[in-house]
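The values are calculated or read from the model by the stated rules, or taken from the named source; none is laboratory data. The structure presented is a predicted model; accordingly, all values stated were derived computationally and were not measured. No Cβ is skipped: glycine too gets one built from the backbone with ideal geometry, and neighbour counts run over all protein chains shown. Side chains included, ligands, DNA and RNA excluded: accessible areas come from the protein's heavy atoms. Shrake-Rupley method; radii C 1.70, N 1.55, O 1.52, S 1.80 Å.
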Amino acid sequence: MLVLFLTLGRKRFHDGGYRGAVAVSSQTFPLNTEKLTPPWQTLLLLRFGHLRLSDGTGLSLASDPTGTVRFLDMVNNLQGDSGRGYYIEMSIGTPGQKLNILVDTGSSNFAVAAAPHPFITHYFNTALSSTYRSSGRTVAVRYTQGNWEGELGVDHVSIPKGPNGTIIINIAAILSSDGFFLLGVNWQGILGLAYPMLARPDSSVEPFFNSVVRQLGIPDIFSLQMCGAGLSASSMADPAGGSLVIGGAEPTLYRGSIWYTPILEEWYYQVEVLKFEVGDQNLNLNCREYNMDKAIVDSGTTMLRLPVNVFNAVVEAITRSSLEFSSGFWDGTKLACWMKGETPWRFFPKLSIYLRATNTTQSFRITILPQLYIQPITDVDGTLDCFRFGVSPSTNGLVIGATVMEGFYVVFDRAQKRLGFALSNCAVSGGVAVSEIAGPFSAADVASNCSGGVLKEPLLWVISYTLMAVCAVVLIILLLLLIVPCRCRDHSGEITDESSLVRHRIK
């Protein structure tokens, strides 16, 4: 899901309990792996990280002992910020063509510009790649902001600061787009890291990360650190960057414990939100309100997006403890400005989201300080610093976007169907940590299932086609009934009101 806003317009693992942890230094140790039984034989971490035990099913985070995955090599392989998106350099085709690709956990297609566009400096020229093969299929994808159309093909792809090796990947060559490439961004494509269910035109198009896991044999885990906290979303300075670690998690990028929440459904990275607090105020909404439609974690969305009822409750709670702002500030059409050098943080409370733990009777809390959601945009004539509200209303679910993710190191542990959150080492602004994490808390005061009533897209298509078929049958019946009475006349030869359908069809 793509939503980008440039301007206006030693460790412990917690599932509510503890997980074991064994530290291994970054040296390489000789080991006879033939004496080990799976999964130890294939998943033992021999370099660059920690050995982490899970719950008896094997390692929760690991590296490939063959050297395909070297986590430290992937540190700082991202550039960007929440306003312009986070992107990674990739080499596509033979010979390789270097492009910057937006990292998006809310979609599943790997798509690159394959034609000129006024807002991008270069594109993937399929004619110059000896290994590119078109499938002859067209594809179109629509995001929350922007859309594109193109053709499907396959080619060789590698990541200079990623796993060793070249992968054969499904590529959507973008030939036309509307509102997708934006002025001021420095990426030329999108890397969808979600599940096959979201792939277009259908789930038979294997997503990028599935191909990487299958072809390189690495663990089905990746992790994200996004380091744009407190930076201006419209600054033209060098972007902050971050890290996409493919195959596991790099311990130097976070501090404290990793807390896990279940992935409810494998389409988006759908999670279950139990409570929401503004400062120390619990919104006290029915927990299904927070999960209305769905609640997902999406690096391709700039803001924290909340269902309308939740958004209104958050704004109301903030205004009770803050200054008075015009409605334009809350709906994103106006900025709030202070004299240069002044900061607005003291006027705004912390925001906290409670997620269900993998021990489902418990929860944990992720908290962002106002430095993350009251976001600097620009200065005016060198005298004013202006800020925007980094929370917006949503009609299609709660989205934990970059506004929140910049506070945490997020582990997408697909192998064990869970998402992990830890405090990011780069989530600091002005020397102050801008995020918090705490738990476990009892979940006894909320429903056992807060995510009911979710309709996934394939199901929506089935319902839509079913309704269309029903409507077609009804229409045929009405047409037949309209024609048949025309042949049934009374003794005077006139069509009576009772014998026609007009009065009963249209009132």
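Once the range 267-309 is narrowed to residues that are in a strand (DSSP E or B), farther than 27 Å from Arg84 by Cα and charged (D, E, K, R), the residue that is farthest from the chain's Cα centre (by Cα) is Glu277. The set of residues in the range 344-375 that are within 21 Å of Thr302 (Cβ to Cβ) and among the β-branched types (Val, Ile, Thr) comprises Ile353, Ile366, Thr367, Ile368, Ile374. Just one of (1) open to solvent by 40 Å² or more (accessible area, probe 1.4 Å); (2) at pLDDT 95 or above; (3) of a type in the set (A, V, I, L, M) fails for Ala194. It is (1).
What are the residue pairs meeting all of these: first residue in the range 289-303, first residue of a type in the set (D, E, K, R), second residue not in a loop (DSSP other than H, G, I, E, B), Cβ atoms under 6 Å, and 6 or more apart or on different chains? Pairs that qualify, where the first residue is of a type in the set (D, E, K, R) and the partner is not in a loop (DSSP other than H, G, I, E, B), are Glu289/Asn309; Glu289/Val310; Lys294/Gln270; Asp298/Val399. Residues of the range 207-224 that are open to solvent by less than 10 Å² (accessible area, probe 1.4 Å) and not in a loop (DSSP other than H, G, I, E, B): Phe208, Phe209, Ser211, Val212, Ile221, Phe222, Ser223, Leu224.
For the range 239-266, the tally of residues that are out of contact with any strand residue (DSSP E or B) (no Cβ under 7 Å at 6 or more places or on another chain) and open to solvent by 40 Å² or more (accessible area, probe 1.4 Å) stands at 3.
Of the helices (runs of 4 or more DSSP H) lying entirely inside the range 401-507, those carrying at least 3 residues that are of a type outside the set (Phe, Trp, Tyr) and at pLDDT 90 or above are 402-405.
With open to solvent by less than 30 Å² (accessible area, probe 1.4 Å), in the same structural domain as Met303 (by the TED database) and at positive phi as the only criterion, which of Gly397, Gly407 stands out?
Only one candidate passes the filter, namely Gly397.
A search for C-beta distances below 7 Å between a residue of the range 202-217 that is of a type in the set (Asp, Glu) and any residue that is open to solvent by less than 60 Å² (accessible area, probe 1.4 Å) and modelled with pLDDT of 95 or more, counting only pairs 6+ apart in sequence or on different chains, returns Glu206/Asn170; Glu206/Pro196. Listed conditions (1) open to solvent by less than 10 Å² (accessible area, probe 1.4 Å); (2) assigned to a strand (DSSP E or B); (3) not β-branched (Val, Ile, Thr) are all met by Arg365, apart from (1).
Among the residues that make up the range 122-136, is at least one of them among the β-branched types (Val, Ile, Thr) and either open to solvent by 70 Å² or more (accessible area, probe 1.4 Å) or under 22 Å from the mean Cα position of the chain (by Cα) (or both)? Steps first, please.
From the range 122-136, those among the β-branched types (Val, Ile, Thr) are 126, 131; that's our starting set.
Those still in the list that are either open to solvent by 70 Å² or more (accessible area, probe 1.4 Å) or under 22 Å from the mean Cα position of the chain (by Cα) (or both) too: none.
There is no residue in the range 122-136 that is among the β-branched types (Val, Ile, Thr) and either open to solvent by 70 Å² or more (accessible area, probe 1.4 Å) or under 22 Å from the mean Cα position of the chain (by Cα) (or both).
Of the set (1) part of a strand (DSSP E or B); (2) open to solvent by 50 Å² or more (accessible area, probe 1.4 Å), all apply to Leu152 but (2). When the range 313-335 is filtered for residues that are within 12 Å of Gln281 (Cα to Cα) and in a loop (DSSP other than H, G, I, E, B), nothing remains.
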